[in-house]
Amino acid sequence: MSELLSIDHISVSYGNIQALRDVSIHVREGEIVCLIGANGAGKSTLLKAIVGLEPLVSGSIAYKGEVIARNDHAFGSHNPLLRFFKNPKHAAQDTRSLRTDEIASRGIALVPEGRRVFADLTVEENLDMGAFLIDDDAFIAKKKKEMYEFFPILGMRRKQKTRSLSGGEQQMMAIARALMSAPKLLLLDEPGLGLAPLIIQDIFEKIEIINKEDNVTVFLVEQNARMALRTSDEGHVMENGRIVLSDTSEQLLENEKVKAAYLGE
Amino acid sequence: MGSWAEFFQHLMNGLTLGGIYALIALGYTMVYGILKFINFAHGDILMMGSYIGLFVYNAIRGELLGFWTIIAFFLSMLVGMMFSAILGMAIEKIAYKPLRKATRLAPLLSAIGVSFILSNLAAWMWGTKSKKLEYPFDNSPIHLGDIAVTPHQIMILVVVVVMMVALKLFIDRSRLGKAMRATSLDQDTAKLMGIKVDRIIAITFAIGSALAATAGFLIALEIKVYPSMGTMTGLKAFVAAVVGGIGNISGAMVGGILLGLIETFGVALLGIPYALRDTIAFIILIIILLVKPEGLLGKAEKEKV
Ligand SMILES: Nc1ncnc2c1ncn2[C@@H]1O[C@H](COP(=O)(O)OP(=O)(O)O)[C@@H](O)[C@H]1O
Ligand SMILES: [Mg+2]
């Protein structure tokens, strides 16, 4: 299987706090890959870096072979004067990091931590926003219908403001919104956060269906390690901004360290 | 107050004044909704658009008669609107956008600077003496029973209603309008949807500035065109936007109309001296801020973590 996402030696900082240190992760097409780690490990930061919401201090991220994020500062391209005086021959060669909307247009969708639904928009309007990049009205209508079948509760609530939905419904709404653009790579940031076990189970089953039937590659971030490892093919463990362990999910479930630290065994 | 006729007279005056405030208030509120920032150059963008409209009107009006002068008037207004729209976008790009990640005070000061620059520029280029904008029609009042309505008032009401309905439909129904609402709710998530947030911000400035130019051109018939014409009206429209709930589009409409009505009836009924008319707006602002800081239709803002 070919490689879809290549994260190579990236670091990200918030001022003096270094949130990611030399992180490398490779995701192959068709897989479900999970990243587990405690609160504050740097999981969300990694997802934000992939979609261009946090700049890289070093390293690079490529999607389908195209560099989508890298350290722009190293090339002086953040400075308009330097950019202006740069030899145009060189300027043509170096690529800049893509903007978040450009990354979305490549086929990457993120379901952000805490769902981030557009609370004052109705369910249907939220789905419309998910399909913002698509011009084909017939395709959008078909997609919406699919979503209402896949998440029947959303169909029933389509005219309601999203703020009136329960946490689980909002999570489904956020996933459906991300799927509206028919992404090739779906990034999920703690989809189980704050939800009842039965609902979490339902959501993870849906994630597997999306992966198997629609052939969407999934990169899943979770604190709920057991659920994430059972659902995924491969796993990575993050501590203090570093990847400390990478293996198949099956192996990780048997790993003594993982058992002790993340599975409570 | 003497009679119903008098009441309707004041109502008409209040609604037209309020409609003007509302058109201007929309620009403040739409920009605030997305950037959480008050564009203090808004009144000067109104002034610039009014000048351009005036020049175009004087140039094309010539010997036109009747109906054609009205067409010329609206064409000139359209040119003024487009000029202000482009000016608004340019100001955003040059003076505000580079400061988006700076402290909240920086773009505010930049806006005040832009405001001074524009009004000084206008005074330098076109003089401080007000320029008269001729009515495109005979503005003698039309008597409906005991009520006297001027064609100017009718024009203002029609234009205001058309603009508001069009804006509301655009914001509520269109793809771009929904994207504007999404962007004002959550910029990062809007970007994740593939929305070009910078473009949405530019469009917001364009629409707000065009609406301001419309208001400026409409009142110019009465108050003439001069470099500081947008200052007081702009400030009061800002009050209207805050009263209605800053960031809320319906709130700006309601706040504007309400302010116009209160000013008019305040002078007419409560016997507030005309010279104190402008004070009313600010007294209302202070009362509203004390009683309901988020404004009439505003939501209490939760601090984002
Ligand atoms: N916007 C921010 N500003 C400053 N520090 C941040 C910000 N976001 C996250 N951090 C810090 O970066 C580290 C990683 O955070 P995060 O990526 O959210 O972890 P996780 O998602 O694994 O819980 C934490 O120490 C957190 O406090
Ligand atoms: Mg997180």
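The values are calculated or read from the model by the stated rules, or taken from the named source; none is laboratory data. Remember, predicted model here, so these are calculated numbers, not experimental data. As a convention, Cβ positions derive from the backbone with ideal geometry for all residues, glycine included, and neighbour counts pool all protein chains shown. Please note that ligands, DNA and RNA were not included when accessible areas were found on the heavy atoms of the full protein model with its side chains. Shrake-Rupley method; radii C 1.70, N 1.55, O 1.52, S 1.80 Å.
Among B:44, B:146, B:278, determine the one that fluctuates most according to a GNM of chain B built with springs between C-alpha atoms less than 10 Å apart. With Cα springs under 10 Å in chain B, the top fluctuation among B:44, B:146, B:278 is at B:146. In this structure the protein assembly as shown gives 46 Å² per residue of accessible area when probed at 1.4 Å with all protein chains present. Comparing B:267, B:16, A:118 along the charge dipole axis of the protein assembly as shown, the residue lying farthest to the positive side is B:267, per the Cβ-charge model.
Fraction of C-alpha pairs exceeding 21 angstrom in region A:153-244: 35 percent, rounded to a whole number.
In chain B, the longest principal axis of the Cα atoms and the axis of helix B:105-126 are about 40 degrees apart. Surface composition of region B:18-229: carbon and sulfur make up 68 percent of the accessible area, probe 1.4 Å.
Specify whether the C-alpha gyration tensor of the protein assembly as shown places it in the rounded, prolate or oblate class, a ≥ b ≥ c being the square roots of the eigenvalues: rounded for a/c under 1.5, otherwise prolate if a/b is larger than b/c and oblate if not. Prolate is the answer for the protein assembly as shown, as a/c is 1.5 or above and a/b outweighs b/c. Its alpha carbons give chain A an Rg and a Dmax of 19.2, 60 Å. Rounded to the nearest 20, the size of the Cβ-charge dipole of region B:18-229 about its Cα centre is 880 debye, with Lys and Arg at +1 and Asp and Glu at -1.
For a straight C-alpha distance cut-off of 28 angstrom, the lysines reachable from residue B:224 (same-chain residues fewer than eight places away being disregarded) are B:129, B:131, B:132, B:236. Only Cα pairs under 8 Å and 6+ residues apart enter the sum, and on that basis the relative contact order of region A:124-200 stands at 40 percent. Evaluate 2.2 N^0.38 Å with N set to the residue count of chain B, then give the Cα radius of gyration divided by it. Relative to the 2.2 N^0.38 Å estimate, chain B comes out at 1.00. Counting Cβ atoms of other protein chains within 10 Å of each Cβ in B:169-180 and taking the mean gives 2. Note on chain A: with charges restricted to the Cβ of Lys and Arg (+1) and Asp and Glu (-1), its dipole about the Cα centre is near 800 debye. Rolling a 1.4 Å probe across all protein chains gives residue B:68 an accessible area of roughly 150 Å². Calculated [222 nm] ellipticity per residue, helices only, for chain B: -24500 deg cm²/dmol; basis is -39500 (n - 2.57) per DSSP H run with n ≥ 4, divided by all residues, nearest 500.
Based on alpha-carbon centroids, what's the gap between region A:1-41 and region B:226-305 in Å, whole number please? Rounded to whole Å, the Cα centres lie 51 Å apart. Computed over region B:18-229, relative contact order equals 44 percent, with contacts defined as Cα pairs under 8 Å that lie 6+ residues apart.
Which of rounded, prolate or oblate describes region B:1-118 when judged by the alpha-carbon gyration tensor and an a/c cut-off of 1.5? Judged from the Cα gyration tensor, region B:1-118 comes out oblate (a/c at least 1.5, b/c at or above a/b).
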